[in-house]
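Q: One structure coming up, written as structure tokens, with questions to follow.
The values are calculated or read from the model by the stated rules, or taken from the named source; none is laboratory data. These numbers were taken from a predicted model, which means no experiment stands behind them. All Cβ positions, glycine included, derive from the backbone under ideal geometry; neighbour counts span all protein chains shown. Surface areas here come from the heavy atoms of the whole protein model, side chains and all, with no ligands, DNA or RNA. Shrake-Rupley method; radii C 1.70, N 1.55, O 1.52, S 1.80 Å.
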Amino acid sequence: MASPEIDALTQALARLPGLGPRSARRAVLHLLKRRETALAPLVLALQAVEARLSTCEICGNVDTSNPCAVCTDPRRDTSALCVVEEVADLWALDRSRLFPGRYHVLGGRLSALDGVRPENLSIDALIGRVAAGGIDEVVLAMNATLEGQTTMHYVADRLGDFPVRVMQLAHGMPVGGELDYLDEGTLAQALRARRPV
Ligand code: ZN
């Protein structure tokens, strides 16, 4: 029934995680009925982000500045580094506000099945950051999945030559648990009770 433009908008929204065709149609209708208060601000926000979107050359976070807001935050403890698989994990951990340091995003996890090898992840960049000095503690906050744990042990091994404390999240993370889906209390507890690898 709708015009091609409205159809295209509905289809674009329907492809977003957590939405589907039905939610997308409701969202579109909402936007069309509220041109000034919902549609226009959304367009401006999308354009602003799209124009400045970049990947942080230091940590791999996505942000509208490079280096990202986390890396340039002067209140961060530069001696502590938290290594995560994906940007979503960085955001989940940072929401908990319990880790005072900075992050490093690997960009995935080692997987024989999917053919993901160490050189496909930003592990060399991590080693470079640690080798540059000034870091005392590295927290390996991998997901509690088989591949996450394989990745953690590989990275821990690579960090073995450096004078840093290499820590992992405490048990209490459900087995198979992905950081992004944990409630903040569980995540905070896993971080607070971190232990050596
Ligand atoms: Zn960064």
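Q: Val105: more than 19 Å from Cys68 (Cα to Cα) and buried (at least 18 other Cβ atoms within 10 Å of the Cβ), yes or no?
A: On the way: more than 19 Å from Cys68 (Cα to Cα): no; buried (at least 18 other Cβ atoms within 10 Å of the Cβ): yes.
No: the conditions fail for Val105.
Q: Looking at (1) assigned by TED's automatic domain parsing to the domain that holds Gly134; (2) within 12 Å of the ligand (Cβ to nearest atom), which is the one condition that is false for Glu57?
A: (1)
Q: Return yes when Val138 is more than 13 Å from the ligand (Cβ to nearest atom), open to solvent by less than 20 Å² (accessible area, probe 1.4 Å) and assigned to a strand (DSSP E or B) and no when it is not.
A: The answer is yes for Val138.
Q: Restricting to the range 64-85, and then to whatever is within 14 Å of the ligand (Cβ to nearest atom) and under 18 Å from Gly108 (Cα atoms), can you tell me which residue is farthest from the chain's Cα centre (by Cα)?
A: Applying the filter and picking the extreme gives Leu81.
Q: Within the range 51-88, track down each residue that is within 25 Å of His153 (Cα to Cα), of a type in the set (Asp, Glu) and out of contact with any Gly (no Cβ under 9 Å at 6 or more places or on another chain).
A: Glu57
Q: Then there is this: Report yes if some residue within the range 116-132 is over 13 Å from the mean Cα position of the chain (by Cα), surrounded by 15 or more Cβ atoms within 10 Å (Cβ to Cβ), of a type in the set (Val, Ile, Thr) and part of a strand (DSSP E or B); otherwise report no.
A: Yes: the range 116-132 contains one or more residues that are over 13 Å from the mean Cα position of the chain (by Cα), surrounded by 15 or more Cβ atoms within 10 Å (Cβ to Cβ), of a type in the set (Val, Ile, Thr) and part of a strand (DSSP E or B).
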